[in-house]
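One structure is given below, encoded as structure tokens.
The values are calculated or read from the model by the stated rules, or taken from the named source; none is laboratory data. Predicted model, so just to flag it, every value in this text is computed and none were measured. Note that we place each Cβ from the backbone using ideal geometry, even for glycine, and neighbour counts take in every protein chain shown. For accessibility, only protein heavy atoms count, side chains too; no ligands or nucleic acids. Shrake-Rupley method; radii C 1.70, N 1.55, O 1.52, S 1.80 Å.
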Amino acid sequence: MEAMTRRIGITNQKGGVSKTTNTINVAGALAADGVDVLAVDMDPQGYLTHRLGFEDEYTSDPPSLYDALQSPADHDVDDLVVAHEEFDLLPANIDMFHLEQDLIASGMRPRLRLKTVLENATAWDVVLIDAPPSLGPLNDNVVLATEELLVPVEADESSQLALNHLLRQLDTLEDNYDTHVDVLGLIVSNVAYPLDNEQQAAIDWFNERFEGRVAVWTVRSRAAIKRAVKDQGSVFAEDAEEVDMTDVYAQIAAEVADE
Ligand SMILES: Nc1ncnc2c1ncn2[C@@H]1O[C@H](COP(=O)(O)OP(=O)(O)OP(=O)(O)O)[C@@H](O)[C@H]1O
Ligand SMILES: [Mg+2]
């Protein structure tokens, strides 16, 4: 039997906590291991699409992910995907700025559209979805389409508050949709060393929040990570410079690839 496609959301409604950077590097780590990966850009601002060099797709004429989400039965994901050097990408489109309103206005299960769209996307081993920085219908679509999440956070108090908000929203979705959502791990990202007291307290708090049941990885702040993304790829790309954070991304990839 063919293995199931595993779908994982990379989400936190807090802005700028490395969702997109982690999406690229976890996808890169998986791809470097021979895993077939589709990255999906669910942020209407399309940073993932831009960072990977597909700005033309972002402004291209329909159909795009917007249209697929509006009428899943009329579109095939395979027709909307573009090939990046390391993995595949389902790009965001500028039309997605009015997606949230349009989904709600149409009334038909607006939070389950992405799940429906991706149900036929079975050609990949792993589908990784970069969520937008908001709690709302688009993020709910990511959660319900995946039911497995990686949550990037920063080592500060506001990220603790943000995580509590997110967990509350997950509880609500679990109740309303009679489902279970797993947090696979937290990725404490862009961490500058040496840690000050606030950073250490935040990391301790993240570890205690799930009583050790959820992995907490740390990705340090590295110019080489920024440069790899600027060069439209991950730290695992063929032309990327060496950086000491590949191990942690490989660990995350191992967790993601292993059911
Ligand atoms: N480990 C890292 N080392 C250096 N810079 C990083 C690292 N992680 C993220 N950054 C930088 O932090 C900024 C925010 O990262 P990113 O865009 O990935 O966050 P995001 O959560 O996707 O943001 P948004 O909420 O806008 O979608 C970017 O400038 C990125 O280059
Ligand atoms: Mg982003």
Quiz item: Got a number for the accessible area of Glu100? Probe 1.4 Å, square angstrom, nearest 10.
Solution: 70 Å²
Quiz prompt | Residue-by-residue Karplus 3J(HN,Hα) for region 161-174, coefficients 6.51, -1.76, 1.60, Hz, glycine and proline x | solution = 4, 4, 5, 5, 4, 4, 5, 5, 5, 5, 4, 4, 5, 4
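Counting Lys +1, Arg +1, Asp -1, Glu -1, what net charge surrounds Glu148 among other residues with beta carbon under 9 Å of its beta carbon?
Numbers: positive: Arg6, Arg7; negative: Glu147, Asp182.
Cβ neighbours under 9 Å give a net charge of 0.
If you roll a 1.4 angstrom probe over the protein chains with everything in place, what fraction of the accessible area of the chain belongs to carbon and sulfur, to the nearest %?
Ligands and nucleic acids excluded, carbon and sulfur give 43 percent.
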Quiz item: So, counting K/R as plus one and D/E as minus one, what does the shell of residues with Cβ under 12 Å around Tyr193 add up to?
Solution: 0
Quiz item: Taking Lys115 as the anchor, which lysines have their alpha carbon closer than 21 Å to its alpha carbon, excluding any fewer than eight residues away along the same chain?
Solution: Lys19
Quiz item: If one computes the Cα centroid of region 237-259 and of region 158-234, what distance in Å separates the two points?
Solution: 17 Å
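Determine how many Å³ per residue the convex hull of the Cα atoms of the chain encloses. Please list the in-between numbers first.
Details: hull volume 31.6 nm³, N = 259.
Once divided by residue count, the hull of the chain is 122 Å³.
Give the accessible surface of the chain per residue, rounded to a whole number of Å², with probe radius 1.4 Å and ligands, DNA and RNA excluded. List each step's numbers first, then the result.
Details: 11940 Å² over 259 residues.
It amounts to 46 Å² per residue over the chain.
For the chain, what proportion of DSSP beta bridges, expressed in % and rounded to the nearest 5, is antiparallel? Can you show the working numbers first?
Values: 2 of 28 bridges.
Antiparallel bridges make up about 5 percent of those DSSP assigns within the chain.
Under a Cβ-Cβ cut-off of 13 Å, what is the net charge of the residues other than Thr172 that fall near it, where Lys and Arg count +1 and Asp and Glu count -1?
Numbers: positive: Arg111, Arg168; negative: Asp140, Asp171, Glu174, Asp175, Asp178.
Once all neighbours under 13 Å are counted, the net charge is -3.
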